[in-house]
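Below: one structure, written as structure tokens.
The values are calculated or read from the model by the stated rules, or taken from the named source; none is laboratory data. Here the structure is a predicted model, which means the values were calculated and not measured. All Cβ positions, glycine included, derive from the backbone under ideal geometry; neighbour counts span all protein chains shown.
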Amino acid sequence: MSRPQHFGWFLARGFGPQGWGYPSLDWDYDWTRPEIYQEAARTLEQAGFDLVIIEDSPSLGSPETIDLRVRHAFGGPKHDPLLLAPYLFQVTRYLGVVPTVNPAASLPFTSARQFSTLQHLSGHRLGLNVVTDTGSARHFSDAPPLGHGAAYDRATEWLDGIRSLWRSWDDGALVADRDTDVYADGSKLRAVRHRGEHYAFDGPLNALPFTDGEPAIISPGGSGRGLGFAGANSDVQLALAPLHEASVRAYRTKIHDAAIAAGRRPEDIKILFAIQPVITSSAEEADRIVAASARPDEAALVQIARKQSSDLETDLTSLDLDAPLDLSIFGDHVSRGSIQRLIGDRGEEAPLRAHLTALVRAGRINDRSGFVGTAEEFADLIEELGDWGNDGVLLWGDFHPVTLHRTLDELVPVLRRRGILRRDHVDGGLRANLRAF
Ligand SMILES: Cc1cc2nc3c(=O)[nH]c(=O)nc-3n(C[C@H](O)[C@H](O)[C@H](O)COP(=O)(O)O)c2cc1C
């Protein structure tokens, strides 16, 4: 038997049109209603998952390129995941629900109170995916967007502020004694006065203290600042890194060093590597999918061009696929890293078709060239990650039942048999389940 690991699901296109653009997912679900998400949440809890994380961006991007984001629904519309969370809590008992939140978008006092309310309503199952995106700054004030480091400074101030409010009820402040008719002892509430660089507020918080810990903090940033933030603050880090031993171990060491530097223990933070596997029924089927992906049809190229156009806020769909990609079409708003991910090591002379084909190209799990393979092959990979000390895995996808079942139906029994996937949750909320092993 292998060591158990934690499993999460990343709802990668957020609270938006699930499955749009994929004809095989046309089941007439209404993405604005809770049912499709509730069905998925129940399935994931039954499957032994610890948490679902709901991606989000409050913005439709820059005014000039909004059409690229909404036309095929890759970049929006998106509804607010915080308000979806209660519907998911209602139909589950153990699953952690983690909406993405951005410190730019709400004040610490408002956030502390809302998160506190949801933590109580859910039986202490709330998590918060704290992101530092600054592209949406214009929706919240007319101040210029912060730089990368300053956005992390603000996130730290925001979270510290929220925590000071959560901790503004000292032990014994809640009395709830019917005999004396005293509900709470106001002398044990802290005034909390914060005057900082980005926020100014007073406490105490008008919400009850927690019985099973604060909401879990989740973080996805991969930069030096991001890893430092995770080490200092997070219960779960969403990791993106090549899945070979040196890289996985190095990533874990960086986070653990940051945790120790912040006075925490390495085991206080679970690192989940994000993977999007394609699980097949046989090795032959996996070979066929990989072979076909090396020669994508026009529809597959169009689909990837639409997604890239949305992500990069630059229209690639109207360009000649067989001409070299002129990099000057990317404005200043597109990061060099994103452009580099598109063109890889193919250079500027390569036609757009070559770049898109490379993005579509899939690889096999068994030779570690990609993530297409059988449940047994994928379980081998996860077991290997476990041998390198890995805490868990974050699977990506939408919340369409077809996606969930294709990914999980064969995988769950295999992982259970090998002892990698938990059979039972424990009481005490998300933190208790994260700390159970
Ligand atoms: C698995 C994963 C999930 C992410 N989810 C979101 C998200 O939902 N919303 C968002 O604005 N950014 C998201 N990000 C981006 C990060 O929050 C952050 O903005 C980005 O990684 C830049 O920070 P860094 O420079 O520290 O990496 C995600 C990143 C990863 C790796």
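Which residues, taken from the stretch 40-65, are surrounded by 16 or more Cβ atoms within 10 Å (Cβ to Cβ) and more than 16 Å from the ligand (Cβ to nearest atom)?
ALA40, ALA41, THR43, LEU44, GLU45, ALA47, GLY48, THR65 - these are the residues of the stretch 40-65 that are surrounded by 16 or more Cβ atoms within 10 Å (Cβ to Cβ) and more than 16 Å from the ligand (Cβ to nearest atom).
Among the residues of the stretch 83-93, is any touching a residue at least 12 places away in the same chain (Cβ under 8 Å), at positive phi and more than 16 Å from the ligand (Cβ to nearest atom)?
No, the conditions are met nowhere in the stretch 83-93.
Is it true that ASP80 is at pLDDT 95 or above, acidic (Asp, Glu) and out of contact with any Lys or Arg (no Cβ under 9 Å at 6 or more places or on another chain)?
Yes, satisfied.
Looking for something closer than 30 Å to ASN433 by Cβ, of a type outside the set (D, E, K, R) and within 15 Å of the chain's Cα centre (by Cα) - is there at least one such residue anywhere in the stretch 59-82?
Within the stretch 59-82, one or more residues are closer than 30 Å to ASN433 by Cβ, of a type outside the set (D, E, K, R) and within 15 Å of the chain's Cα centre (by Cα).
Results for (1) within 16 Å of the ligand (Cβ to nearest atom); (2) outside any helix (DSSP H, G or I); (3) assigned by the TED database to the domain that holds ALA230; (4) not hydrophobic (A, V, I, L, M, F, W, C), shown as yes or no for each residue.
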{"site": "THR110", "(1), (2), (3), (4)": "no, no, yes, yes"}
{"site": "THR134", "(1), (2), (3), (4)": "yes, yes, yes, yes"}
{"site": "SER141", "(1), (2), (3), (4)": "no, yes, yes, yes"}
{"site": "ALA150", "(1), (2), (3), (4)": "yes, no, yes, no"}
{"site": "ARG154", "(1), (2), (3), (4)": "yes, no, yes, yes"}
{"site": "LEU159", "(1), (2), (3), (4)": "yes, no, yes, no"}
{"site": "ASP179", "(1), (2), (3), (4)": "no, yes, yes, yes"}
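Given the structure, is LEU421 within 30 Å of LEU121 (Cα to Cα) and outside any helix (DSSP H, G or I)?
Yes, satisfied.
Within the stretch 222-239, can one find any residue that is more than 16 Å from the ligand (Cβ to nearest atom) and either surrounded by 15 or more Cβ atoms within 10 Å (Cβ to Cβ) or in the same structural domain as GLY389 (by the TED database) (or both)?
Scanning the stretch 222-239 turns up no residue that is more than 16 Å from the ligand (Cβ to nearest atom) and either surrounded by 15 or more Cβ atoms within 10 Å (Cβ to Cβ) or in the same structural domain as GLY389 (by the TED database) (or both).
Residue check, PRO145 against (1) within 16 Å of the ligand (Cβ to nearest atom); (2) in contact with an Asp or Glu (Cβ under 9 Å, 6 or more places away or on another chain); (3) more than 21 Å from ILE269 (Cα to Cα), all met but one. Which one?
Condition (2) is where PRO145 drops out.
Would you check if PHE210 is out of contact with any Cys (no Cβ under 6 Å at 6 or more places or on another chain), in a strand (DSSP E or B) and at pLDDT 95 or above?
No; evaluated as a whole, the condition is false for this residue.
Given ILE279, ILE218, ILE255, which one is away from the ligand (no atom under 13 Å from the Cβ), of a type outside the set (S, T, N, Q) and buried (at least 20 other Cβ atoms within 10 Å of the Cβ)?
Going through ILE279, ILE218, ILE255 in turn, the sole match is ILE279.
What helices (runs of 4 or more DSSP H) completely inside the stretch 29-106 contain at least 3 residues that are farther than 30 Å from GLY331 by Cα?
The qualifying helices (runs of 4 or more DSSP H) are 35-46, 81-90.
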